[in-house]
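Read-outs: derived from the displayed coordinates by stated rules, not from any lab. Predicted model only: the values in this text are computed from it and were never measured. Heads up, the Cβs are rebuilt from the backbone with ideal geometry, glycines too, and the neighbour counts pull from every protein chain shown.
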Amino acid sequence: MIGRLNHIAIAVPDLDRAAAKYRDDLGAHVSAPQALPEHGVTVVFVDTGNTKVELLEPLGDESPVVGFLAKNPDGGMHHMCFEVPDIMAAAKQLQAAGARVLGDGQPKIGAHGLPVLFLHPKDFCGTLIELEESGKD
Ligand SMILES: C[C@@H](C(=O)O)C(=O)SCCNC(=O)CCNC(=O)[C@H](O)C(C)(C)COP(=O)(O)OP(=O)(O)OC[C@H]1O[C@@H](n2cnc3c(N)ncnc32)[C@H](O)[C@@H]1OP(=O)(O)O
Ligand SMILES: [Co+2]
């Protein structure tokens, strides 16, 4: 069902500092910050050619990453995002297999303008999984 690894996300306490590390120390191409209030995060993307790294910091009081950063104050790997051709079909199949789709179960529009959903980390080997609809088979 899953296709390409779209991105690996790292939650950080200070996005500017993290972006500078990737840009200046690792010599990576880092995008401009993008505020995503509906997701409670501000993100930048690091393009590594074969995939991307999403650096994210909390935005607003309701941010879903506040608890994670309280447990991991220096930051840490937060989720992996896989592309799927049909996100509702994928969600239905995963729910039938017992996985919990987070939130109200309806996709939101993610950082790339495409529908995204999240699956509970306790159902996937301790890793939060994001699905992004690629629209391709
Ligand atoms: C814009 C978009 C995009 O790319 O397009 C994005 O990525 S937005 C990226 C930000 N959005 C999201 O993350 C949306 C989905 N996430 C959520 O709904 C939440 O973050 C949850 C995954 C439900 C976790 O929420 P919260 O931290 O409040 O829950 P909690 O403290 O009750 O945690 C329950 C258990 O899960 C663990 N846990 C929490 N977050 C985790 C993570 N990221 N990876 C692995 N484990 C995690 C906790 O340590 C705890 O384990 P123990 O019980 O063993 O201690
Ligand atoms: Co993401």
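A few remarks follow.
- Relative intensity of the chain on a log10 scale, I(q)/I(0) at q = 0.13, 0.18 Å⁻¹, equals -0.54, -1.05, per a Debye sum over C-alpha point scatterers of equal strength in the absence of solvent.
- Share, in percent, of DSSP beta bridges within the chain that are antiparallel, nearest 5: 70
- Checking every one of the trypsin sites (Lys or Arg not before Pro) in region 97-128 against DSSP loop status and a limit of 15 other Cβ atoms within 10 Å picks out R100.
- Our coupling estimate for region 76-93, obtained by passing each phi through the Karplus curve with A = 6.51, B = -1.76, C = 1.60 and θ = phi - 60°, is x, 5, 9, 7, 10, 10, 10, 7, 10, x, 9, 5, 6, 5, 5, 4, 4, 5 Hz, Gly and Pro reported as x.
- The Cβ shell under 15 Å around T51 holds other residues with a net charge of -3, Lys and Arg each +1, Asp and Glu each -1.
- Scalar couplings 3J(HN,Hα) for region 103-112, obtained by applying the Karplus form with A = 6.51, B = -1.76, C = 1.60 to θ = phi - 60°, are x, 8, x, 9, x, 10, 7, x, 5, 9 Hz; x denotes Gly and Pro.
- Cα-centred dipole magnitude for region 1-101, charges only on beta-carbon of K, R (+1) and D, E (-1), debye, nearest 20: 360
- Where a label projected 7 Å from the Cα of K122 along Cα→Cβ would reach, residues of region 74-111 with amide N under 16 Å: 98-103
- Pairs from the list K52/K92; K71/K108; K21/K52 with a Cα-Cα gap above 22 Å: K52/K92; K71/K108.
- Calculated from backbone phi, Karplus (6.51, -1.76, 1.60) coupling profile of region 46-61 in Hz, x at Gly/Pro: 9, 8, 10, x, 8, 7, 9, 10, 9, 9, 9, 10, x, 9, x, 6
- Mean residue ellipticity at 222 nm, helices only, the chain: -4000 deg cm²/dmol; runs of at least 4 DSSP H residues each add -39,500 (n - 2.57), and the sum is divided by the number of residues.
- Fraction of beta bridges assigned by DSSP in region 4-81 that are antiparallel (%, nearest 5): 75
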